[in-house]
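A short worksheet on the structure shown next.
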Amino acid sequence: GGAIKFRDALRRVGVSADHKDELASLVAGLRVMARVPGECFELQNVHFHKAVGEGRARIRPRAVDLDPAKEGLLVVNIGSGVSFLHVSGASHERVGGSSLGGSTFLGLVALLTGVDHFDEAVDLATVGDSSRVDMLVRDIYGADVGNLYGLRPTTLASSFGKAIDRKARLGMSRSDIALSCLVMISMNVAALAHLHAEARGARHIVFTGNFLARSGNALGTGPAPVADPAWQLHMHKRNAMAMRTLAYAVAFWSKHQRKAVFFRHEGYLGAVGALVEGFGSQVSLAPTSTAIRAAEARARAAEAAARL
């Protein structure tokens, strides 16, 4: 990634850097971590019109078995921009990209709200109501439209569509604008991901990248975390709103034929992959029995908590 810019500076102070390809390392780490029980998960109960207020607490993580060696995957790496990679068997290929990514989200929120920090922008979005900013199907066709073209009245029709009305703009809060930005970026990424997965016949779509992470050091005070062991295990310091939106959009576009899959230790995939790429056969790709037992215990605890 961008760390390559510091290679010459490191050499000048006597530090030797072994360059590894960012996307190759990401895929290598994904192959290793996918073997850990309970590492991969999907989100349930992500119906968009119910995922507001208390409804957000009903969103549940559920473990997913993922085998990159046997089934084709589309890996979507959301950083400053977006890269789409098709992973099949032992090979991988970058099949596309988008300039609308995490930096687009933060840049727009910064311009429109004055917020400069990613965590604070996510905090704003978490308590917002994007329906005050976005135009929905019901805003065009009326609330009694039913399922027009298979679309619910609450389906997003136009991001920032209501901002064309001066009076409507007066009722928009910074939080509403931040959430509209987040939903717009996430929906766009998910739509492109679905098309790439459809073209490649990929069964699952795996989302990774810093857009899904948080440092936990937001300047603002976000909402209290959901008091649920399964949620805390999988979603601690994560951009939960973006993940929920991606999961909903993938299910919507694929008519529930594909899943949006996430990794518990997503932020470490590249580092693990670089280790494997650097040391090759000296690194065991099989998790230890102790690690497996611990991971299985965590997965069982999360499943038990989700049933309560």
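Backbone N atoms of the stretch 156-180 closer than 20 Å to the 7 Å Cα→Cβ label point of Leu111 belong to residues 158-166, 169-170, 172-180. Gyration tensor analysis over the Cα atoms of the stretch 60-138 returns equivalent ellipsoid semi-axes of 32, 17, 13 Å (largest first, whole Å).
Taking each residue as 0.36 nm, the span from Asp165 to Ile140 lengthens on full extension beyond its C-alpha to C-alpha distance by 7.6 nm.
At an R0 of 30 angstrom, the distance between the Cβ atoms of Ser80 and Ser173 translates into a FRET efficiency of 0.65. Given Cα pairs under 8 Å that are at least 6 residues apart, what percent is the relative contact order of the stretch 81-143? Once divided by the residue count of the stretch 81-143, the mean separation gives 20 percent. Note on the stretch 258-272 and the stretch 99-144: Cα centroid distance 25 Å, given to the nearest whole angstrom. The string of couplings for the stretch 196-208 from the Karplus curve (6.51, -1.76, 1.60, θ = phi - 60°) is 5, 5, 5, 5, 9, x, 6, 6, 10, 10, 9, 9, 9 Hz, one whole number per residue in order, with x for Gly and Pro. Take the stretch 136-210 with all the other protein chains still there, run a 1.4 Å probe, and you get 52 Å² of accessible area per residue. Counting 0.36 nm for each residue step from Phe6 to Thr154 and taking away their Cα separation leaves a gain of 48.5 nm. Distant-in-sequence amide contacts of Arg35, defined by a placed amide H-H separation under 5 Å and a gap of 5 or more residues or a different chain, comprise nothing.
Quick one: Debye curve from the C-alpha atoms of the stretch 88-173, no solvent, what's log10 I(q)/I(0) at q = 0.19 Å⁻¹? Log10 I(q)/I(0), no solvent term: -0.96. Sparsely packed loop sites in the stretch 116-150 (the chymotrypsin sites (Phe, Trp or Tyr not before Pro) outside DSSP H, G, I, E and B with at most 10 other Cβ atoms within 10 Å) comprise Tyr149.
Ignoring ligands, DNA and RNA, what percent of the 1.4 Å accessible area of the stretch 57-96 is carbon and sulfur?
Numbers: 730 of 1730 Å².
Carbon-and-sulfur percentage of accessible area, whole number: 42.
The HN-Hα couplings worked out from phi for the stretch 9-19 by the Karplus form 6.51 cos²θ - 1.76 cosθ + 1.60 (θ = phi - 60°) are 5, 5, 4, 5, 9, x, 9, 8, 10, 9, 6 Hz, whole numbers, x standing for Gly and Pro. Coupling constants for the stretch 71-79 follow from the phi torsions by the Karplus curve (6.51 cos²θ - 1.76 cosθ + 1.60, θ = phi - 60°), and in residue order they are 10, x, 10, 10, 9, 10, 9, 9, x Hz; glycine and proline get x.
The values are calculated or read from the model by the stated rules, or taken from the named source; none is laboratory data. Keep in mind the model is a prediction, meaning the values are calculated, not measured. With ideal geometry, Cβ positions are generated from the backbone for all residues, glycine too; neighbour counts draw on all protein chains shown. SASA here: full protein model, heavy atoms, side chains in, ligands and nucleic acids out. Shrake-Rupley method; radii C 1.70, N 1.55, O 1.52, S 1.80 Å.
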